[in-house]
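Participant: First the structure, which I've put down as structure tokens, then a few questions once you've had a look.
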Amino acid sequence: MAGNPPSETQIRVNSRRAGGGGGGNVIHPVDIDTPPRSSPSPVVYREVKHFKKWLPWLIPSFIIANTVMLAITMYVNDCPKNSVSCIAGFLGRFSFQPFKENPLLGPSSATLQKMGGLEVSKVVHEHQGWRLITCNWLHAGVFHLLANMLSLLVIGIRLEQEFGFIRIGLLYVISGFGGSLLSALFIQLNISVGASGAVFGLLGGMLSEIITNWTIYSNKLAAFLTLMVIIVINLAVGLLPHVDNFAHIGGFLSGFLVGFVFLIRPQFGWVSQRYAPPRYSSTSAKPKFKMYQLILWVISLILLIVGLTVGLVMLLRGVDANDHCSWCHYLTCVPTARWSCNTEPAYCMSTQTGNQLNLTCSSNGKSSLYTLPDASDSQIQGLCSQLCS
């Protein structure tokens, strides 16, 4: 009817942006200019598909999978059978290695290697490239698992709610691979495990998401600075010994680039003209993405593909990145008077005479005699780790 006032369609955008733990960075609803009305008319709410909330299930599944993998690893480890002494012996074959060997309440290095931990020599010389992926699902102990899964819960749940399981799942896996790759190029003597590279990738994705979707933040600077503080603190922790900061850095850089590709969002001008009634839309058509978003998308995709490809080729050719960067080892550990950055694996000379096992540590020269008939290789390695620590 010509006498009836036009109906109004409003768009309700109910979305919170990840701001490094801050909960106050809320995107304002799309504003649509409407003419004055003489009488009330029905209001229709429509959810914009680009900003809808997703039900998170993938990140909780990742947490469960990592926990189950640690339980399986401890079952395979079977400390009472393969070690002289164990922690929490009442757990049976799930008991932990001695503190001197593994202070994180976990298995032996030999078990982690058997389960798929990242060992560069096996990737390069035995063509076991799958270790670059499997190592992300293993953890060195209970403390290690708790630290990573708590971070994953806090960061990942929110991202999956915002962007869905497909994009966040790809972000997680690609970041984990990137972290393993950089770690393998620089740390070639130790066995590396853990999901920290993938977790740092989520942090990197959050940072690039803030940058590429800058115009839709209600409190831009606060969100950016809060996230930067969290990133700097976490990277600073990686300067301590026995923490693989190269996996953190590789995962972060990979996630940062992936975020520009997967976490891009349309701007509100395009959303309003698409979902508002035609008579209220803007007279000039507005593009879905801003030019800077498209430029960042292209550059990031190229850098990601080139970076991962070049890194993988260098690794498979046996390149040691430390030969080309004499100071890079300081990125993962800074030596001080309180600790040493020497984390090379332990090697011992062993002699078995009847029930007596004599071990001599190659690095510090210490010797010890053990009453242990028919010692297995895993028992000798465990005792050697304790003797050399």
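The values are calculated or read from the model by the stated rules, or taken from the named source; none is laboratory data. The shown structure was predicted, so the numbers you read here are calculated from the model rather than taken from an experiment. Methodologically, a virtual Cβ is constructed for each residue, glycine included, from the backbone with ideal geometry; neighbour enumeration extends over all protein chains shown.
Participant: Identify, by number, the condition in (1) in the same structural domain as V261 (by TED's automatic domain parsing); (2) without any contact (Cβ under 8 Å) to a residue 12 or more places away in the chain; (3) of a type in the set (A, V, I, L, M) that M314 doesn't meet.
Facilitator: Result: M314 passes all but (2).
Participant: Test of understanding: among P29, P56, P36, which residue is at pLDDT 85 or above and either out of contact with any His (no Cβ under 8 Å at 6 or more places or on another chain) or outside any helix (DSSP H, G or I) (or both)? Quick ask: steps written out before the conclusion?
Facilitator: Numbers: P29 fails: at pLDDT 85 or above; P36 fails: at pLDDT 85 or above.
Checking each option against the conditions leaves just P56.
Participant: So which of V258, V310, V298 ends up being in a helix (DSSP H, G or I), over 20 Å from the mean Cα position of the chain (by Cα), modelled with pLDDT of 95 or more and within 26 Å of N136 (Cα to Cα)? Explain how you work it out, then say what you get.
Facilitator: On the way: V258 fails: over 20 Å from the mean Cα position of the chain (by Cα); V298 fails: within 26 Å of N136 (Cα to Cα).
Of the residues listed, the single one that is in a helix (DSSP H, G or I), over 20 Å from the mean Cα position of the chain (by Cα), modelled with pLDDT of 95 or more and within 26 Å of N136 (Cα to Cα) is V310.
Participant: Let me ask you something else. Spot the failing condition for C348; the list is (1) modelled with pLDDT under 95; (2) loosely packed, with under 12 Cβ neighbours inside 10 Å, and only one is missed.
Facilitator: Just one mismatch for C348, condition (2).
Participant: Limited to segment 84-95, what total is found for residues that are touching an Asp or Glu at 6+ places or on another chain (Cβ under 9 Å) and loosely packed, with under 15 Cβ neighbours inside 10 Å?
Facilitator: Final tally of qualifying residues: 2.
Participant: Moving to a separate point now. Does F90 qualify as being assigned to a helix (DSSP H, G or I) and in the same structural domain as V237 (by TED's automatic domain parsing)?
Facilitator: Answer is yes for this residue.
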